[in-house]
Amino acid sequence: MPTGAVRDVVSALTTRPQAQVLVIGGGINGIATFRDLALQGVDVVLVERNDYCSGASAASSHMIHGGVRYLENGEFRLVRESVTERNGLLRIAPHYVKPLQTTIPIYSTFSGILSAPLRFLTHKSGTPKERGAALIKVGMVLYDSFSRDGGTVPRHVFHGRKKSLATLPQLNPGIKYTATYFDASVHEPERLALDVLHDGLAVGDTARAANYVEAVGSNENGVVLRDTVSGTEFTFNADVVVNASGPWTDLTNEALGDETAYMGGTKGSHIVLDNPALLAAAAGREMFFEHKDGRIVLIYPLNGKVMVGTTDLEADIREPAVCTSEEIDYFFDLIGNVFPKIAVDRSQIVFSFSGVRPLPKHDDLQPGFVSRDYRIVAGKLGKADLLSLVGGKWTTFRALAAHISADVLDILGRPRTVDTKNIEIGGGRNYPRTPQARDNWITAHSGFVGKERATQLFERYGTRAVEVIDAIDDGDDTPLRTSSEYTVLEIEHIVATESVVHIDDVLLRRTNLAFTGAVTVELLEELVEIASRVLGWQQERRDDEIRHATTLLANAHGVHLAHSADVATK
């Protein structure tokens, strides 16, 4: 896109600056609300001030889970809904949501049996007391009871010390038991969000969306929007405004002239380690447990690396959330508690990330006890109805969107015409469910690209891989000079069709190149070169993109780019 050119998505808004509904916030909950309303035939627009899924939604633990620990908070409604939605996503988004075997190491039998009811009643942590086998067993039985839909995932199992160490020999020999159950993983959450967005946009002209468009104010004619790329401002009119800006909900309302104090999010950080010994020790399963300070943490094999998290600290939403040195020390301590023989050090960290959870204001309540449930608060913005979303998490995005959509439809006086519960998402549509069906799909779509490449694309995009295959079918599908993971034509397709505005959109959210520590100086330069051909960037813009991405990776993710030759010699 030439410098100063009006983006097509912005032109679509300025040409017709009105809709029935304006959704502000392009995280997973805003995107899902957009999709739900679009499928009902509502004229709906979504705007996001940065890139899609770049805020709180980009800082998740990559889990789709029922929230076993929420039982202790008494949030039974949320657990039931979460388990139901987890099971549903395994069906409707099988290309990105997969069963996740999860193991809890347990060091005592009865510890916490008396303190847990006190935590349940008072929501105060007090002196940390780890949860023993008896208490965890009760939780597992309750958790299983919420999952009764024909065995989407297996029931939990308990093992004693001998069998646990035989299965996971690197575990702390001081364990007494392990409890193993299944939740679900989402290895590529940003790509799942893009699929949800794609489904909404596929409806047609009544569904419009633009990233890098910010709500900066309001007047008698509607909401004032600003294209953050060009700086252009325009007024947009809607009957209903949905504020789904996550932890920034109060700041968005403040910008719109409606001061609120709904939010009180906490910071959660993660690190990603390139540590083959730790990866092997986890044996493909997530280790999910209570650390000695009472905080629930995880060690999680992901994309050939190991992700470790998370913290739960008070945060100022006006300040950037970054993973601190103290948090890294904390993560190393918890790894040593579970796998004491495995050495870890800072040189193995290939990526770190941090975000603020969109939790409600909680005053002096301990962060771990703040409700993970959500609510929708109704208000007015001039003549428009204003709905503010407080809370929400990845697992429940479909159900949450259905709830917001129901409120919007009531305001508009429209009936619900589509139930999204069983509508497959993006590349999960017509997904082959058996090994034979999968092999048949890949064989049928091998054609020019060959079976190995068709398999790679299928695993990356699900059945939407056919769109990439069609795009590269007539060209030379040459791998990148600096990475064998992607080809030039695939990156061109991503840049041309997936609302890429900056090169970090590609590094962080359209691919997992940054997450896995694959970005080098040369790779960044090559990606900018490809994007320039598609978007018409001139040399000044190319230099700006390289400079911006380099700074962002260093400051927000602890990634200091090296040259390919230096990486190869490590």
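Structure data summary
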{"quantity": "Residue that is surrounded by the fewest Cβ atoms within 10 Å (Cβ to Cβ), among those in region 523-562 that are in contact (Cβ under 8 Å) with a residue 24 or more places away in the chain and farther than 21 Å from Ile491 by Cα", "calculated": "Glu540"}
{"quantity": "Top-ranked residue in region 485-499 [being of a type in the set (A, V, I, L, M, F, W, C) and open to solvent by less than 10 Å² (accessible area, probe 1.4 Å); ranked as nearest to Val449 (Cα to Cα)]", "calculated": "Ile491"}
{"quantity": "Strands (runs of 3 or more DSSP E) lying entirely in region 200-251 (those with 1 or more residues that are under 28 Å from Arg357 (Cα atoms) and basic (Lys, Arg))", "calculated": "207-211, 222-227"}
{"quantity": "Selection within region 279-317 - modelled with pLDDT of 90 or more and among the charged types (D, E, K, R)", "calculated": "Arg285, Glu286, Lys305"}
{"quantity": "Residue check for Asn221: in contact (Cβ under 8 Å) with a residue 60 or more places away in the chain and farther than 30 Å from Glu459 by Cβ", "calculated": "no"}
{"quantity": "Those residues of region 282-307 which are out of contact with any Ser or Thr (no Cβ under 9 Å at 6 or more places or on another chain) and within 19 Å of Pro99 (Cα to Cα), in sequence order", "calculated": "Gly284, Ile299, Pro301, Val306"}
{"quantity": "Positions within region 334-370 being out of contact with any strand residue (DSSP E or B) (no Cβ under 9 Å at 6 or more places or on another chain), charged (D, E, K, R) and at pLDDT below 95, in sequence order", "calculated": "Asp363, Asp364"}
{"quantity": "Region 41-61: number of residues that are outside any helix (DSSP H, G or I), touching a helix residue (DSSP H, G or I) at 6+ places or on another chain (Cβ under 8 Å) and open to solvent by 10 Å² or more (accessible area, probe 1.4 Å)", "calculated": "4"}
{"quantity": "Looking only at region 547-570, and only at residues there that are over 25 Å from the mean Cα position of the chain (by Cα), in a helix (DSSP H, G or I) and not hydroxyl-bearing (Ser, Thr, Tyr), the one that is modelled with the lowest pLDDT", "calculated": "Ala568"}
{"quantity": "Matching residues, region 195-222, being over 12 Å from Leu39 (Cβ atoms), open to solvent by less than 20 Å² (accessible area, probe 1.4 Å) and among the aliphatic types (A, V, I, L, M)", "calculated": "Leu197, Ala209, Ala210, Val213, Ala215"}
{"quantity": "Candidate set from region 433-463 (those that are of a type in the set (D, E, K, R), at pLDDT 95 or above and under 17 Å from Lys98 (Cβ atoms)); member that is surrounded by the fewest Cβ atoms within 10 Å (Cβ to Cβ)", "calculated": "Glu459"}
{"quantity": "Residue under evaluation Arg77, criteria (1) open to solvent by 20 Å² or more (accessible area, probe 1.4 Å); (2) farther than 17 Å from Asp373 by Cβ; (3) assigned to a helix (DSSP H, G or I), criterion not met", "calculated": "(2)"}
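The values are calculated or read from the model by the stated rules, or taken from the named source; none is laboratory data. These numbers come from a predicted model, not from an experiment. Glycine gets a Cβ as well: all are built from the backbone with ideal geometry, and neighbour counts include every protein chain shown. To get the accessible areas, we keep the full protein, side chains included, count just its heavy atoms, and leave off ligands, DNA and RNA. Shrake-Rupley method; radii C 1.70, N 1.55, O 1.52, S 1.80 Å.
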